[in-house]
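Chemist: I am attaching a structure below and will ask some questions about it afterwards.
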Amino acid sequence: MAERFDAVVLGMGPGGEVAASRLISGGKRVAVVEKELIGGECAYWACIPSKTLLRPPEVRGEARRAFGTGVPELEMEAIFDYRDYMIRNLDDAAQVEGYERQGATVVKGAGKIVGPGKVEADGETIEAGHIVVATGSAPNVPPVEGLDEITVWTNREVTTSREVPRRALIVGGGPNGIEAAQWLSRFGSEVTIVQSADRLIDREDPRVGELIRGALEGEGIRVLTGRKAARARRDGEGAVVELDDGAEVGTDVVVIAAGRRPRTEGLGLETVGIEPDGGAIPVDDRCRAAEGVWAIGDATGVALFTHVAKYQGRVAADNILGRERRADYRGIPRVVFSDPEIAACGLTEEQARREGMATATATLDLSRAIARPYTYEEDPRGTLSLVADRKRGVLVGAWAVAPLAGEWIHEAALAIRAEVPIEKLLDSVAQFPTYSEAYLYCLERLDL
């Protein structure tokens, strides 16, 4: 006889964990199904290990740019040991025990929907009033002839390896590619980025790509845009990758960082009337995909960020608990933890114009406007740009390429989300000297 629950969560990455924990706290009887590790991609093979690996060489770079300081050495074994600690040595036993202690039933194995209110996992059928699909995403691997004959890493290998390759070719110039390029280069690899678009981080304003390209090339990273990897072949202990323009790049490992796709194949979605759109599960603003079925995180294709998955987990769980809640994706921050950091939120100027807005924009060189860049480093850097809707007198977009930008972008994110009038923002008082002070000077430059 099938065991009955109030809810079953398929996939226990960050979104699934938030939904499950919220439902348990709300008094629901919950089963969770995870075929790999509780914590998901982010905890073991993405956000956590990548940011951990970025930090030591970032500190070294900060010391070089500061004044009157020595430059610390990188102790690679210690770095990898701490990374392994941060990813729990790829062991989720404590997480399993934690959820069981809270009263959840934990099923380790692949789960599949087999009909309304029914999930099959580990050879058993689970019945539940609600099914939450939180199965995450998988890396896009471009069709490169000969790729299976050479050493290839995805995010999983590049974030967990204790090896630093002598040469690395990174396919993809988005957030993951930029971050991996920088830590590998700073660890001693000779790094080449191959990006099919005509600029890096092409989801953002073109100026962002220019600024980060300059920073990466300044560190010796080779950046090839408007190019694709066409074929690869083994060359002794290494490999040669031929690009679509005929150029060849020697490497010891190819790192795939060409985006991600929702992981929804084989979930039995058709048994509950769900037809994925480009692999993604369509949801309404309550994260509802069908009667009694909810979807959150990368599986929805809405925005493939951990913080969005966690937000959707809160929205879906609250609706299941009877608390009416609707998702609002305005002002979601987008951060690349490079050096300098890239941070953005809301719309780009081009996107705002496509939506019919009469826009006003302003861009500020931080070193020409505020004091903080000079107290922070000897050769100050940083750019902030704002996009406003003239008609409504509110911000609709912002981006920054600067130290710590991922921390102070949230002022813009909140202003966009809450539609704070620009006249009110102009009357705000920022702590001196901080990077946040740049907002006032940039706002004053908007031609409204």
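The values are calculated or read from the model by the stated rules, or taken from the named source; none is laboratory data. Keep in mind that this is a model prediction, so the values were computed, not measured. Note: ideal-geometry Cβ built from the backbone for every residue, glycine included; neighbour counts use all protein chains shown.
Chemist: When you look at V107, is it over 26 Å from G259 (Cβ atoms), surrounded by 16 or more Cβ atoms within 10 Å (Cβ to Cβ) and in the same structural domain as W294 (by TED's automatic domain parsing), yes or no?
Modeler: yes
Chemist: Are any of the residues in the range 278-286 part of a strand (DSSP E or B) and not aliphatic (A, V, I, L, M)?
Modeler: No, that holds for no residue.
Chemist: Still on this model: Considering V141, V208, V152, V223, which residue is within 23 Å of the chain's Cα centre (by Cα) and either hydroxyl-bearing (S, T, Y) or buried (at least 24 other Cβ atoms within 10 Å of the Cβ) (or both)?
Modeler: Every option except V208 fails the conditions.
Chemist: A follow-up question, please. Run down R199, R203 and say which single residue is touching a strand residue (DSSP E or B) at 6+ places or on another chain (Cβ under 9 Å) and more than 17 Å from R260 (Cα to Cα).
Modeler: R199
Chemist: Which is in contact with a Pro (Cβ under 9 Å, 6 or more places away or on another chain) and of a type in the set (K, R), of R29, R60, R22?
Modeler: From the options R29, R60, R22, the qualifying one is R60.
Chemist: Give the residues of the range 310-347 that are buried (at least 22 other Cβ atoms within 10 Å of the Cβ), over 18 Å from the mean Cα position of the chain (by Cα) and within 16 Å of R417 (Cα to Cα), sorted by residue number.
Modeler: Scanning the range 310-347 gives no hits.
Chemist: Right, something else. Is it the case, given these coordinates, that D285 is assigned by TED's automatic domain parsing to the domain that holds E17 and out of contact with any Lys or Arg (no Cβ under 7 Å at 6 or more places or on another chain)?
Modeler: Against the criterion (assigned by TED's automatic domain parsing to the domain that holds E17 and out of contact with any Lys or Arg (no Cβ under 7 Å at 6 or more places or on another chain)), D285 does not qualify.
Chemist: List pairs: first residue in the range 139-157 and without any contact (Cβ under 8 Å) to a residue 12 or more places away in the chain, second residue buried (at least 17 other Cβ atoms within 10 Å of the Cβ) anywhere in the structure, Cβ distance under 6 angstrom, at least six positions apart or on different chains.
Modeler: none
Chemist: Further question: Being polar (S, T, N, Q), crowded, with 16+ Cβ neighbours inside 10 Å and either touching an Asp or Glu at 6+ places or on another chain (Cβ under 6 Å) or closer than 17 Å to E58 by Cβ (or both) is the requirement here; does S189 meet it?
Modeler: Against the criterion (polar (S, T, N, Q), crowded, with 16+ Cβ neighbours inside 10 Å and either touching an Asp or Glu at 6+ places or on another chain (Cβ under 6 Å) or closer than 17 Å to E58 by Cβ (or both)), S189 qualifies.
Yes/no per residue for (1) outside the structural domain of A415 (by TED's automatic domain parsing); (2) within 30 Å of V30 (Cβ to Cβ); (3) hydrophobic (A, V, I, L, M, F, W, C); (4) assigned to a helix (DSSP H, G or I):
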| residue | (1), (2), (3), (4) |
| --- | --- |
| L267 | yes, yes, yes, no |
| E275 | yes, yes, no, no |
| V302 | yes, yes, yes, no |
| K310 | yes, yes, no, yes |
| R326 | yes, yes, no, no |
| I342 | no, no, yes, no |
| A360 | no, no, yes, no |
| T363 | no, no, no, no |
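Chemist: Then there is this: Residues of the range 1-16 being touching a Lys or Arg at 6+ places or on another chain (Cβ under 9 Å) and part of a loop (DSSP other than H, G, I, E, B), which ones?
Modeler: Answer for the range 1-16, where residues must be touching a Lys or Arg at 6+ places or on another chain (Cβ under 9 Å) and part of a loop (DSSP other than H, G, I, E, B): A2, G11.
Chemist: Take the range 234-244 and flag every residue that is in contact (Cβ under 8 Å) with a residue 24 or more places away in the chain and either exposed (fewer than 14 other Cβ atoms within 10 Å of the Cβ) or in contact with a Pro (Cβ under 7 Å, 6 or more places away or on another chain) (or both).
Modeler: Correct list: R234 only.
Chemist: Assuming G278 fulfils every condition listed in (1) under 20 Å from S185 (Cα atoms); (2) out of contact with any Lys or Arg (no Cβ under 7 Å at 6 or more places or on another chain) apart from one, which condition is it?
Modeler: Of the numbered conditions (1) under 20 Å from S185 (Cα atoms); (2) out of contact with any Lys or Arg (no Cβ under 7 Å at 6 or more places or on another chain), the odd one out for G278 is (1).
Chemist: Among the residues of the range 365-385, write down those that are in a helix (DSSP H, G or I) and buried (at least 21 other Cβ atoms within 10 Å of the Cβ).
Modeler: Across the range 365-385, the qualifying residues are L366, R372, P373.
Chemist: Restricted to the range 75-87, and to residues that are within 25 Å of G218 (Cα to Cα) and surrounded by fewer than 16 Cβ atoms within 10 Å (Cβ to Cβ), which residue is farthest from the chain's Cα centre (by Cα)?
Modeler: The residue in question is E75.
Chemist: A further question on this structure: Does any residue of the range 249-260 turn out to be more than 25 Å from T159 (Cβ to Cβ), aliphatic (A, V, I, L, M), at pLDDT 95 or above and not assigned by TED's automatic domain parsing to the domain that holds T383?
Modeler: No, the conditions are met nowhere in the range 249-260.
Chemist: In addition: Scan the helices (runs of 4 or more DSSP H) fully inside the range 386-425 and keep the ones with 2 or more residues being in the same structural domain as E355 (by TED's automatic domain parsing) and closer than 19 Å to E204 by Cα.
Modeler: Ranges flagged: 405-408, 410-418.
Chemist: Checking P49 against (1) surrounded by 19 or more Cβ atoms within 10 Å (Cβ to Cβ); (2) in contact with a Lys or Arg (Cβ under 7 Å, 6 or more places away or on another chain); (3) within 18 Å of D318 (Cβ to Cβ), which test does it fail?
Modeler: Of the numbered conditions (1) surrounded by 19 or more Cβ atoms within 10 Å (Cβ to Cβ); (2) in contact with a Lys or Arg (Cβ under 7 Å, 6 or more places away or on another chain); (3) within 18 Å of D318 (Cβ to Cβ), the odd one out for P49 is (3).
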